[in-house]
Amino acid sequence: MRGYGGQSRKAISWYYFYISGEYLRVFMRSLTTIFLFLLLSLSAFSQTAKPKPTPLKPKPKPTVTPTKKPDEKTAFDKAVAIESAAERIKALQKFNETYPKSARRGEALELIATARGELGNEKIDSKDLDAAAAFFKAAVTDAPKPIGDKLWADTLSKVGANLYFRGKRSEAIEIVKILEDKADANAAQMLEIAAFYMSIENGSEAKRIAAKVIAFAPNSAAAYQTLGLANRIDFQLEDAAVAYAKALELEPDSLTARRGLAEMDRAAGKADEAVTLYREILAKEADNVPAQTGLILALFDAGKRADAETELAKSLEVNPGNVILLASAAYWYAANKEGEKAVDLAAKAIAADPRFIWSHLALARGLLIQRRPADAEKAMLGARQYGNFPTVEYEMASARLAAGYYREAADVLVRNFSIKDGLLQTKLGGRITREAKNFSELIGYERRASIFAPTAADDPENAARLTTLLELKQTLDAAQPNPEAAAKLADEFVRGEDKMRVHRQIFAASQLLEKKIALGKVLELTKAAAGGVDAGLDVPNASVAVMGSELYDARGLAASKGEYIQVPEVPRATLSSILRGQIEEISGWAAFQMENPADAVLRLKRAVGVLPVDSAWWRSSMWRLGAALSLAGKDAEALDAYVKVYKSGGPDVIRYTFIEALYKRVNGNTAGLEEKIGPNPAAPVVVETPTPKTEPSASPTPETTSTPEVKAEPTPAPEETKPVVVPTPSPTPEETPKPSEEKPKELFPPVIITIPTSAETAGDIKRCTITVSEEIVTLASRGGDLAVIIGVEGGSDLDGIKATSTSPDDVTVRREVIAAVKSRAIFVLRSISAKAGTYQVSFELPCGKKDIIVNVK
């Protein structure tokens, strides 16, 4: 121990010092704790022992019951129960704001869309389509994605059609595009959108939608069926057949797919395959009417006529109003040149339901086979009431070509077809641009897509002639017509040995002459036509063929008002005179254009010598004879010709002015002119009109009013005339100037020539029935006119018939005198004021009276 003595003591001392320090710190902390405890205890005791002051009573406050937030179900049910659609929308919108995470949020959105749809339908009922479109668009925009089946079926799927077919097309398409975005994963909804596009004949959009569905549902037979129908709408029949075949492969039991494929087989001329498919459908569903109809028509196409006619009779006995069967069978008979059966079945189809256009087309073709082109044209006018597409216009042109209305046929063609680089072009269905080498192929797309008929009722000769007529029309309408091309086309148009050739020759010659080109070809055509006059009078409806060109303007006016001019039969001798006169007039006028006045005078004198005096043709030839005489230096003879025309046609400002100038040149003054042709219809009329004293009238006086230089078209003046002052008077019933706009025979109003019936009777007639061609006539105000034919049952003489208007200041009536015709009369009704209304014109004989109604619009 000793060895460690010093250090041990030092360590022990530090140890005890440390121990004693720790005890001291513990002791002090304990004292502090006890002190604090005692202090808190004394404080509590003092608070308990001290008396409390009496508190002041506070003023009573109103009791506020805290608002209890309604539970989600109650709020939703309450919003849904609101009757007003507008208030229901607000309540449902508030629900979604209050419960943004609600499981019923999507249901609320659907109900909002449904309510907006209700409001849209209300606006449609009230004809406020703009507001309806706004509500529908909001409904579609607010609808959830995906759209529930009930909301889709009850409301949204109908929106596009509701707007589109009421004229809001762009709005409908916009809304359907939004729907497409929200339905893009739902095959059923997408195919309904495709169905909408097909309902508006937009096959391209329908195909696009069907392709989208096939992309995410490649085994959807419905999508392929939709694709097939969309291809058919776009006249892509081969692609349609492929789509229907695929649909049938995916769903072998589908009768719809099987029928679609059968129809495409029929259209492609695969009649036997179609028969097999139709029989398979009927084996499963014996009363399937479309399949029964298709089978009968396929049997016809397959050459099994006896079987087809047996089944046709059975089917019509059960269902006599099967329009598709009647019309399609009628077309088959027309295509096989059996006009009587075609007409019979087509008439039955139209009687059952006139809206199916192919019934009218089959009827027209049957009538053409029966050599009744005028009736065929009427049938096509009936078809136009229910629709219009290139085939309708082509058939109209065919009927007019057969009748001899060549100019009108050309007008129809040029509006709907064109030729470029040797190919015919049109818009099938008014939508799809397509071209082909000939008409049969081009319009065949529409026929095969509509009634699945593989064979046309047309013939190659008619199609080729119409193609030539179209090309001739295009050539002549060019800014600078090519004479060589026009002459070549004229030759092609008149080619053939049929009896209508002479009428085509006269038409082609007149068209070239009108353009003043290929005048040598004009003379060549008229020379050839002279030998075909007799044959040309043996055609059906010879009156139409001969007079068709002169009726052009009148028929156009009638057509614009939905009316039709019926051309009566004219005696062969009269038609022969007109036809020969036309040939001489065209030849003479061609000689005039070639500055050969001697030949012109010779041919035009022949024309006026053979044409019925005072007819439109006679006035045309006589006027041109005056021009030829003037060119030959025979102004006095020319003046005499002009005067005869004027006196025949009645007052006319342009003619009077022209004659006045020539009269003054021949005689040195105008003395005696009025005695020859009457007063100038353009003589100034002074009208007293009160005007404010402070402001002089701005209207020009008769002395200062002038018109542009007057030209006697189509006949050029014997010499250049100076501008003529022609004050314009107010028209009167007795003297109403005729319109002077540029027309092929602008100075000569169209005239219908009528003849007595073969049953003319003699002696006194105690009672008679006056007949009229039109009992209700519609005229355009300020110059609209129309000819009506008046006759008497039994063919009595019309000498002494009186025509009166209830308001001659507004509607005039005048008779167009025709030599040697006594049992029929032509009266021209004309509106001469701006006043619209309903008037009456009466035709009266001692034996009877007839009134007609004249509506002026």
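Here are a few things to note about the model shown:
- Mean-position separation - Cα centroids, segment 117-181 and segment 457-503, in angstrom: 52
- Net length gained if the chain between LYS527 and LYS849 were fully extended (0.36 nm per residue, minus Cα distance): 111.0 nm
- Across segment 535-667, C-alpha contacts under 8 Å between residues 6 or more apart give a mean separation that, scaled by the residue count, equals a relative contact order of 16 percent.
- Equivalent-ellipsoid semi-axes of segment 428-503, from the Cα gyration tensor, Å, largest first: 28, 18, 8
- Its alpha carbons considered, segment 269-405 gives a radius of gyration followed by a Dmax of 15.5, 53 Å.
- For the residue pairs LYS127/LYS158; LYS527/LYS605; LYS647/LYS835; LYS90/LYS127, the alpha carbons lie more than 19 Å apart in LYS647/LYS835; LYS90/LYS127.
- Straight-distance crosslink candidates among aspartates and glutamates, where the alpha carbon sits under 16 Å from LYS488 and sequence neighbours closer than 8 are dropped: GLU471, ASP477, GLU524
- Calculated P(r) of segment 367-411 - Cα pairs past 14 Å, %: 42
- Computed from the alpha carbon atoms alone, the convex hull of segment 182-254 holds 72 Å³ per residue.
- Note on TYR331: accessible area is roughly 10 Å² with a 1.4 Å probe, heavy atoms of protein only.
- Relative to the 2.2 N^0.38 Å rule of thumb, segment 226-319 has a C-alpha radius of gyration ratio of 1.07.
- Using the average count of surrounding beta-carbon atoms within 10 Å as a protection proxy, the listed peptides 200-211, 591-602 rank, highest first, as 200-211, 591-602.
- Centroid-to-centroid separation of segment 294-363 and segment 196-226 [C-alpha atoms, Å]: 32
- Convex hull volume of segment 535-597 per residue (C-alpha atoms, cubic angstrom): 98
The values are calculated or read from the model by the stated rules, or taken from the named source; none is laboratory data. The model shown is predicted, which means the values in this text are computed figures rather than measured ones. Here Cβ is always computed from backbone atoms with ideal geometry, including for glycine, and neighbour counts include all displayed protein chains. Areas reflect the complete protein model, heavy atoms only, side chains present, ligands, DNA and RNA absent. Shrake-Rupley method; radii C 1.70, N 1.55, O 1.52, S 1.80 Å.
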